[in-house]
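For reference, the structure discussed in these notes is given below.
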Amino acid sequence: MKERKNWKDHFVTPIYTLASFEIQLPRSTEEKTYHVLKSNNWVNVVPVTKDGNILMIEQYRHGIGEMSLEIPGGIVDEQESGAELQAVIRELREETGYSTNKENYTLLSKFSGNPAMFTNWSFSFFAKDVELTDPVEFDEGEDIQIKILKPKEVKQKLVSGEIHHPHMAAALGIYFLKYDPLS
């Protein structure tokens, strides 16, 4: 693939930047302009308690105007190596008050948020033996309710569509494929 040239930022927000670039695709004879959303990487985590339950959160999501059942996650502030693990540890603690030893985190997978439009990646982790250790530290605008569910309940909510955020569903799906506690 040829180089993306002449990057321009058109609209900057705290979460993403609408940008454009020019590129000549392999089957084209001319350069064309394409638009994308630039964003820092994202993280999420499937936190599992010592007794094998899955810690989930329910929060209001502005895009759909409804509550959403999810796993903890957020934006990676820094873009250096290892920043994803630090971000997921922080997000789990801030959103739930739960934590575990650093060595209890395992990378499940790396997904593209939407390869047609987003420039970033979403990193999904598994954290075992999480326990309540701290008070929550919600960001402004966050109103989170913590839910502790049995793996069977989480699977049912995935199949029914109650868990509808695609990054959360993907992370949980990979978790169940790798570490299915029901098998």
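The values are calculated or read from the model by the stated rules, or taken from the named source; none is laboratory data. Not measured: the values here are computed from a predicted model. Glycine also receives a Cβ, built like all others from the backbone with ideal geometry; neighbour counts cover every protein chain displayed. With ligands, DNA and RNA removed, areas are computed over all heavy atoms of the protein, side chains included. Shrake-Rupley method; radii C 1.70, N 1.55, O 1.52, S 1.80 Å.
Think of a 1.4 Å ball rolled over the protein heavy atoms: segment 39-78 then has 40 Å² of accessible area per residue.
A cut-off of 5 Å between modelled amide H atoms, ignoring neighbours fewer than 5 places along the same chain, links residue 125 with 44, 45, 46, 108. Dipole magnitude for segment 1-157: about 860 debye, using +1 per Lys or Arg Cβ and -1 per Asp or Glu Cβ, origin at the Cα centre. 3J(HN,Hα) couplings calculated from phi for segment 110-121 with the Karplus curve 6.51 cos²θ - 1.76 cosθ + 1.60 (θ = phi - 60°) are, in sequence order, 10, 10, 8, x, 5, x, 6, 10, 9, 8, 9, 10 Hz; Gly and Pro show x.
In order along segment 73-87, phi translates into HN-Hα couplings of x, x, 9, 7, 6, 9, 10, 8, 4, x, 5, 5, 5, 4, 5 Hz, rounded to whole numbers, per the Karplus curve 6.51 cos²θ - 1.76 cosθ + 1.60 with θ = phi - 60° and x for Gly and Pro. As a fraction of the 1.4 Å probe accessible area of segment 47-183, surface on carbon and sulfur atoms comes out at 51 percent. Taking the Cα atoms only, what angle lies between the long axis of helix 166-179 and the longest principal axis of the chain, rounded to 10 degrees? Its long axis makes an angle of about 50 degrees. Mean residue ellipticity, 222 nm, helices only, the chain: the sum of -39500 (n - 2.57) across DSSP H runs of n ≥ 4, divided by residue count and rounded to 500, is -6500 deg cm²/dmol. Ellipsoid fit via the Cα gyration tensor, the chain: semi-axes of 33, 18, 16 Å, each the root of five times an eigenvalue, largest first. Applying the Karplus relation 6.51 cos²θ - 1.76 cosθ + 1.60 with θ = phi - 60° to segment 150-160 yields 3J(HN,Hα) values of 6, x, 4, 5, 5, 4, 4, 5, 5, 5, 6 Hz, where x marks Gly and Pro. Annotation for residue 139 and residue 114: the two label points, set 7 Å from Cα along the Cα-Cβ direction, are 1.8 nm apart. Inter-label distance, residue 78 to residue 106: 2.6 nm, where each label sits 7 Å from its Cα along the C-beta direction. Going by amide H atoms built from the backbone, whose H comes under 5 Å of the H on residue 163, apart from near neighbours? HN-HN under 5 Å from residue 163: 158.
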